[in-house]
Amino acid sequence: MKNVRKKIFVVLALAGALTIVGCSERREEAPAAPPATPAVTPAAVDMEAAESLFNQHCAACHPDGGNVMRPERNLSHANLMERGLGTPESLRDYLRDPGPGMPAFDANTISDEQGENLGHYILEKFQ
Ligand code: HEC
């Protein structure tokens, strides 16, 4: 009985060690890739309203998700993920305090909810 437990323990310990080795090897091969979260848009998000907000306030500088002033700061999904802007909330926050050259949008112009909806729209639209 004692031996069986010991064997089980050894097997589990080996499995654990292999898992750790497996993970660290994988990490060495593909460094620092942020997990790609699929853009899941809740049904409640009004995408049409978000689109017209985007056309009204953003499209002049970000046509088709690009960036006419600074092309490398475009709105492609991969780029936003890389820059920590891969969620609707982080995009809403960015509007309040953007990078140089982009006007800040306060809550009177774009509400928190509208900002998040805009975030959903951007993450889904510009792959
Ligand atoms: C007058 C031009 C202009 C307008 C209007 C504008 N942006 Fe920008 N946007 C920029 C510039 C310039 C940058 C790059 C800032 C930097 O260098 O960090 C930028 C960057 C961004 C980024 C970060 C992209 C990245 O890769 O870092 C997001 C997200 C963004 N804008 C969203 C919006 C949204 C949403 C709107 C509309 C509500 C908007 N922008 C309106 C000029 C503009």
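Of all the residues that make up region 102-127, how many are without any contact (Cβ under 8 Å) to a residue 40 or more places away in the chain, within 10 Å of the ligand (Cβ to nearest atom) and surrounded by fewer than 20 Cβ atoms within 10 Å (Cβ to Cβ)?
2
Residue by residue, here is whether (1) away from the ligand (no atom under 16 Å from the Cβ); (2) modelled with pLDDT under 95; (3) outside any loop (DSSP other than H, G, I, E, B); (4) within 22 Å of GLU124 (Cβ to Cβ) holds:
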| position | (1), (2), (3), (4) |
| --- | --- |
| VAL21 | yes, yes, yes, no |
| ALA39 | no, yes, no, yes |
| GLU51 | no, no, yes, yes |
| GLN56 | no, no, yes, yes |
| CYS61 | no, no, no, yes |
| ASP64 | no, no, yes, yes |
| PRO71 | no, no, no, yes |
| ASN74 | no, no, no, yes |
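Sort out which residues of region 59-68 are touching a residue at least 24 places away in the same chain (Cβ under 8 Å) and either under 17 Å from the mean Cα position of the chain (by Cα) or surrounded by 12 or more Cβ atoms within 10 Å (Cβ to Cβ) (or both), and write them in order of number.
Here is the first cut: in region 59-68, the ones touching a residue at least 24 places away in the same chain (Cβ under 8 Å) are 61, 64-65.
Selection gives CYS61, GLY65.
On the basis of being small (Gly, Ala, Ser), in contact with a Ser or Thr (Cβ under 9 Å, 6 or more places away or on another chain), more than 20 Å from ASN55 (Cβ to Cβ) and surrounded by 12 or more Cβ atoms within 10 Å (Cβ to Cβ), does GLY86 make the cut? Lay out the reasoning, then the answer.
Details: small (Gly, Ala, Ser): yes; in contact with a Ser or Thr (Cβ under 9 Å, 6 or more places away or on another chain): yes; more than 20 Å from ASN55 (Cβ to Cβ): yes; surrounded by 12 or more Cβ atoms within 10 Å (Cβ to Cβ): yes.
Answer is yes for this residue.
The values are calculated or read from the model by the stated rules, or taken from the named source; none is laboratory data. Not measured: the values here are computed from a predicted model. Methodologically, a virtual Cβ is constructed for each residue, glycine included, from the backbone with ideal geometry; neighbour enumeration extends over all protein chains shown.
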